[in-house]
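Read through the structure below, which is laid out as C-alpha cells, and then see the notes.
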Amino acid sequence: MSHPVLLLIPGMSNTPAVWGPTRAHLGEGDGLEVRVTDVREATDIPAMARAGWQVLADVPADRPVLLAGFSMGGYVALQMLAQAPRPVQGLALVCSSARPDSPDSAPMRERAIAAATRDYAKYVNSVTQWLLAHAPDIDPALLQAIRADQLAAGAEVTVAQQRAVTQRADQRALLRGLGIPMLAVAGERDQLVPPALSQEAAELAPAGRLEIVPGVGHLLPWEAPQRLGALLRGWALDAPRQVQT
C-alpha cells in the first residue's frame, strides 16, 4: 500500500502553526506524509473545504487520504467529506463536533466579534486565559506561541470565521453513514467543546473511536502534542488497512 497522506486542518483564529508541535510527533517520512491547509482566506466552511481539497489535488488516486481537523477544522473536515471528489480513508475530529451551531451561541459570538473588532490583542489574551483556565502553570514560552499564532491570524479572519461557524451544517447524518474509521479526540477539561460532544460523534460513526486526553482543555494540539501525535499517527497508519479489509 502507498504511504497515506494526512491533511491537518487548523481551527478558528489559527495559522497552520497550530499543528507545528503535534506535527513534530507524527513521524513524517516514516510511512506517512503530512500536509497542512491554511483556511484563513476563505469566509465560509464550504470554501475552506475547497481549499483543503486543493492542497490534496496532486495526490495520486491510489494513495490513501485522511483528514484531521482541530475545532473549527473538524467542521471543515466534515464538509470536505460531504463534497469529496475522491475516496477518503479516515476522519479525525480533534476537540470538535458534528452538531450545527447552537442558537444559544449567537449572543456569545456577537460579543466575541465586538471584542475582536474593538481590541484584538485584548481579545486574544482573554480567550487564551479562558481556554487555559485549568492550566495556570503553563510554560510561558508555550503561552507566547499560542497568543502569537492567534495574533498572526488577525481580527479580520477571526470575525469572518466566527460568522462562518454559525452557518455550518449539521453533519450528524453524515457520521451515521460514514463507512471509514473515525477518531474523536477530546481534552478532558475542554470548556468550549465538552468531551460529551466528541463522545457523541464517536458513537454516531459506525467505526468511531473516542480518546480523551486527561488534564488538558481545548487547545489540545498545543497542550499535549506528543500524545495527540501518537494517536493520530497510529490511526492514520491503521485506518487505510481497515478500509481495505
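Which of the following residues is modelled with pLDDT of 95 or more, open to solvent by 10 Å² or more (accessible area, probe 1.4 Å) and in contact with a Ser or Thr (Cβ under 9 Å, 6 or more places away or on another chain): Asp58, Asp38?
Asp38
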Q. Could you give every pair whose Cβ atoms fall below 8 Å, whose first residue belongs to the stretch 209-226 and is of a type in the set (Phe, Trp, Tyr), and whose second residue is at pLDDT 95 or above and open to solvent by 20 Å² or more (accessible area, probe 1.4 Å), counting only separations of at least 6 or pairs across chains?
A. Trp222/Pro21; Trp222/Ala145
Q) Given (1) in contact with a Ser or Thr (Cβ under 7 Å, 6 or more places away or on another chain); (2) without any contact (Cβ under 8 Å) to a residue 60 or more places away in the chain; (3) not aromatic (Phe, Trp, Tyr), where does Cys95 come up short, assuming only one miss? A) (2)
(Q) Looking only at the stretch 173-205, count every residue that is assigned to a helix (DSSP H, G or I), open to solvent by less than 40 Å² (accessible area, probe 1.4 Å), more than 17 Å from Ser102 (Cβ to Cβ) and of a type in the set (Gly, Ala, Ser) and tell me the total. (A) 1
Q. Going by the conditions given, is Glu188 touching a residue at least 12 places away in the same chain (Cβ under 8 Å) and either among the polar types (S, T, N, Q) or touching a Pro at 6+ places or on another chain (Cβ under 6 Å) (or both)?
A. yes
**Q.** Flag if Ile212 is among the β-branched types (Val, Ile, Thr) and assigned to a strand (DSSP E or B)
**A.** yes
Q) What pairs come up if the first residue lies in the stretch 1-17 and is without any contact (Cβ under 8 Å) to a residue 24 or more places away in the chain and farther than 16 Å from Ala84 by Cα, the second is open to solvent by less than 40 Å² (accessible area, probe 1.4 Å) and of a type outside the set (Asp, Glu), and their beta carbons are under 7 Å apart, counting only those six or more places apart or on different chains? A) Pro16/Pro10; Pro16/Val36
Q. Do we have Pro103 as free of Cβ contacts under 8 Å to residues at least 40 places away in the same chain, in contact with a helix residue (DSSP H, G or I) (Cβ under 8 Å, 6 or more places away or on another chain) and either among the hydrophobic types (A, V, I, L, M, F, W, C) or surrounded by fewer than 22 Cβ atoms within 10 Å (Cβ to Cβ) (or both) here?
A. no
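The values are calculated or read from the model by the stated rules, or taken from the named source; none is laboratory data. Keep in mind that this is a model prediction, so the values were computed, not measured. Every residue, glycine among them, receives a Cβ derived from its backbone with ideal geometry; neighbour counts consider all protein chains shown. With ligands, DNA and RNA removed, areas are computed over all heavy atoms of the protein, side chains included. Shrake-Rupley method; radii C 1.70, N 1.55, O 1.52, S 1.80 Å.
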